[in-house]
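Taking it in order: structure first as structure tokens, then the write-up.
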Amino acid sequence: MVLRAALAAALLVASGSPVQEARTAGGTIRGRVDVRRAAASSEGRPAVTDLGHHGPRDTPDRRRGVVYLEEAPLAAFEAPAAGRAVLDQRNEAFVPYVLAVTVGSTVDFPNSDRVYHNVFSLSKPKRFDLGRYPKGRSRSVRFDRPGVVRVFCEIHSHMNAFILVFAHRYFAATDAEGRYRIEGVPPGTYTLAVWNDGSVRARREVRVAAAGDVAEQDFTVE
Amino acid sequence: MRPRGGARLYSRDRVATPVPRVRSIVALAIAALGVCLAAAGAQAGEPVSLLGGRVRLGGEVSGTIAPEDLGWFNYSDYETSSLRLFRVDLMAEARLASFASVLFDVRSDNLEAPRVYALYIRLRPWAGRELDLQAGLVPPVFGAFPRRRYAYDNPLPSLPLAYQYLTNLREDAVPSRSEELVVQRGRGWLVHYPVGSTEPGPGLPLVNAERWDAGVQLRLGREPLSLALAVTQGTLCYPRVRDDNDGKQVSGRLAWTPSPSLVAGVSGAVGEFLAREVQDVIPASARGTYRQRAAGLDLQWSYGYWIVRAETVWSRFTLPTLDATRIEEPLDALGLFAEARYKLRPGLYAAARAERLAFTEIPSAVGLWTWDAPVTRVEAGAGWTPRRHVLVKASWQHNWRDGGTVKENDLVAGQVVLWF
């Protein structure tokens, strides 16, 4: 909880540097996050009351993470680029397991399964409950406050996901190989943080020397 | 008022197993472990798993408080009221192979000796077929409520009457005349009869949701149609680990799920419920097979923020006919309830349940009476989830009974559930 709170606070912090044009003429920070720690179990509670085995279900890719600047240029906070994202419910798993969006973004939660799901969150940045709806239907939630939102399904205890809501746009989710790329970063020195499976796992200082510069930064998460 | 100091004596289940100190220590250890695991699991937001996920632990710690239930409406045995209960429940699932698991559930009520609630093996012999076998102390196939018995799955603190209320029938004692049965109307919490065990003891519910039966079961198919069948040692009203009458119960449920919003089930069960000790003391001419037959219908509809459930249980008991006025006709009972839950906002819901437990009339020297006193109950309440693994419930319950010393009462109950 302390780490989550720290992350939520960090997302709100501006560097205090002079207003700059953040969207253009920036540099790039890229690299790879190598997650070596064992992923926690993705199974649910013991199904003691069931009358048989459950069907096959997908396992979320818990090695995915998010790399972000803990401090960002002030301009980035003044006009966060609100967008739209999708957190699917597919084969009794949330896909993707980690979603990163900017404040003001709307996330759609389609149900792609034959069974009901009931998406909800009791996280402080956004409490919501979408109720039950069948396959082919979707509900949406707008995220107006930065922070970490833990998402669950009321019906399937093994289903959970994270939505990281940033007050700026300097973040990137890692791909299947752990690679990330943050573009348009104004020149400066920043603290780069790696978030994986519920916690900030590493921090590293990184410098973007000039517009058009590419700063490489790899991480190993034990 | 209940007899003081004699409660444990009258509890048939515990007469043979007095609680020595070591069991109390085990119960306390389980309680402490349960609380610690619940806290850890709640903090992590994940079930506790061991051996690379091959063993998973889960649990539930619940505390329910209410004023004393002087009408014994909520007692599930002589000592235990479902509204005055501290329960620690630990469960585990060990995956032996892709086709085999062992499941286990142990619980302690009010820090008393822990009791194994479930212990069975689950097999799927053919990976590509929807066929599962379970053997051991298995979950009941009859009805729907017993498989969501855990406090987290129950929107209100109490249990439905059909699955908890103690009637005036016993499996180890019978009345010799209908008058002796009628005079025990509304006294299911402490019944005594002259034939069989003469010790006073609690009666039987229509379906006992507080225990599971030992046997084997088979499930075939999945949605939209599935069938579950079981052969077990005891009966719905008196599940058992060891057989006490050489009779087996056959039960089954056919479930139909035409859409995710609707689940309908039809259940049936038949089994010999009268213990051998009764058969041994009745005249040879009266010896026979005395069964509980039951049929059930359950429905669940849900959409959006609503869940609506309804369930009915019809049960027929046969008793030996001994002296006049003889109990010639089978004793029928009908329990039905409907409940609804509506989410008012994230983490907060309102719920209500209405139910009725009715009995058929039998002739006696004192007139035509139902063989037990009919009961009606309404309950309304709310549940609040401040954190994902914590559920706080509060409810008001009103009971009416057409018999017994206390014919009507109101109870306000609160319950805190910590699960992981």
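For this structure, a couple of remarks:
- Residue that is within 11 Å of chain A (Cβ to nearest Cβ), out of contact with any helix residue (DSSP H, G or I) (no Cβ under 8 Å at 6 or more places or on another chain) and part of a strand (DSSP E or B), where the choices are B:Leu57, B:Leu103, B:Leu96: B:Leu103
- Filter pass, B:Asp298 being closer than 22 Å to B:Arg185 by Cα, outside any loop (DSSP other than H, G, I, E, B) and at pLDDT 95 or above: no
- For A:Val151: the one exception among (1) hydrophobic (A, V, I, L, M, F, W, C); (2) at the interface with chain B (Cβ under 10 Å from one of its Cβ atoms); (3) within 24 Å of A:Gly83 (Cβ to Cβ): (2)
- Boolean, B:Arg148 is at pLDDT below 95, more than 30 Å from B:Arg356 (Cβ to Cβ) and within 11 Å of chain A (Cβ to nearest Cβ): no
- Looking across the stretch B:265-287, the residues that are in a strand (DSSP E or B) and farther than 17 Å from B:Pro146 by Cβ come down to B:Val270, B:Glu272.
- Every test in (1) surrounded by fewer than 21 Cβ atoms within 10 Å (Cβ to Cβ); (2) in contact with a strand residue (DSSP E or B) (Cβ under 7 Å, 6 or more places away or on another chain); (3) modelled with pLDDT of 90 or more is passed by B:Glu223 save one, and that test is (3).
- Candidates B:Thr325, B:Thr321, filtered to the one that is without any contact (Cβ under 8 Å) to a residue 40 or more places away in the chain, over 21 Å from B:Trp384 (Cα atoms) and not aromatic (Phe, Trp, Tyr): B:Thr321
- If only residues of the stretch B:254-264 that are among the small types (Gly, Ala, Ser) and part of a strand (DSSP E or B) are counted, the one that is nearest to B:Leu229 (Cα to Cα) is B:Ala255.
- Tally, over the stretch A:154-167, of residues that are within 20 Å of A:Lys124 (Cβ to Cβ) and more than 13 Å from the chain's Cα centre (by Cα): 1
- A search for C-beta distances below 8 Å between a residue of the stretch B:329-353 that is within 14 Å of chain A (Cβ to nearest Cβ) and assigned to a loop (DSSP other than H, G, I, E, B) and any residue that is among the hydroxyl-bearing types (Ser, Thr, Tyr) and crowded, with 16+ Cβ neighbours inside 10 Å, counting only pairs 6+ apart in sequence or on different chains, returns B:Pro346/A:Ser121; B:Gly347/B:Thr385.
- Residue within the stretch B:164-176 that is under 16 Å from the mean Cα position of the chain (by Cα), aromatic (Phe, Trp, Tyr), buried (at least 24 other Cβ atoms within 10 Å of the Cβ) and away from chain A (no Cβ under 12 Å) present: yes
- Meets criteria (within 14 Å of another protein chain (Cβ to nearest Cβ) and buried (at least 20 other Cβ atoms within 10 Å of the Cβ)) for B:Asp153: no
- All of (1) touching a Ser or Thr at 6+ places or on another chain (Cβ under 8 Å); (2) surrounded by 15 or more Cβ atoms within 10 Å (Cβ to Cβ); (3) farther than 30 Å from A:Arg132 by Cβ hold for B:Glu328 with one exception: (2).
- Summed over the stretch A:82-112, residues that are at pLDDT 95 or above and of a type in the set (Asp, Glu) total 2.
- Taken across the stretch B:286-302, residues that are among the small types (Gly, Ala, Ser), within 14 Å of chain A (Cβ to nearest Cβ), closer than 30 Å to B:Arg341 by Cα and surrounded by fewer than 21 Cβ atoms within 10 Å (Cβ to Cβ) do occur, with at least one present.
- Verdict on B:Val392 being within 14 Å of chain A (Cβ to nearest Cβ), surrounded by fewer than 20 Cβ atoms within 10 Å (Cβ to Cβ) and either among the hydrophobic types (A, V, I, L, M, F, W, C) or part of a strand (DSSP E or B) (or both): yes
The values are calculated or read from the model by the stated rules, or taken from the named source; none is laboratory data. Model, not experiment: these values are computed from the prediction. Cβ atoms come from the backbone with ideal geometry, glycine included; neighbour counts cover every protein chain shown.
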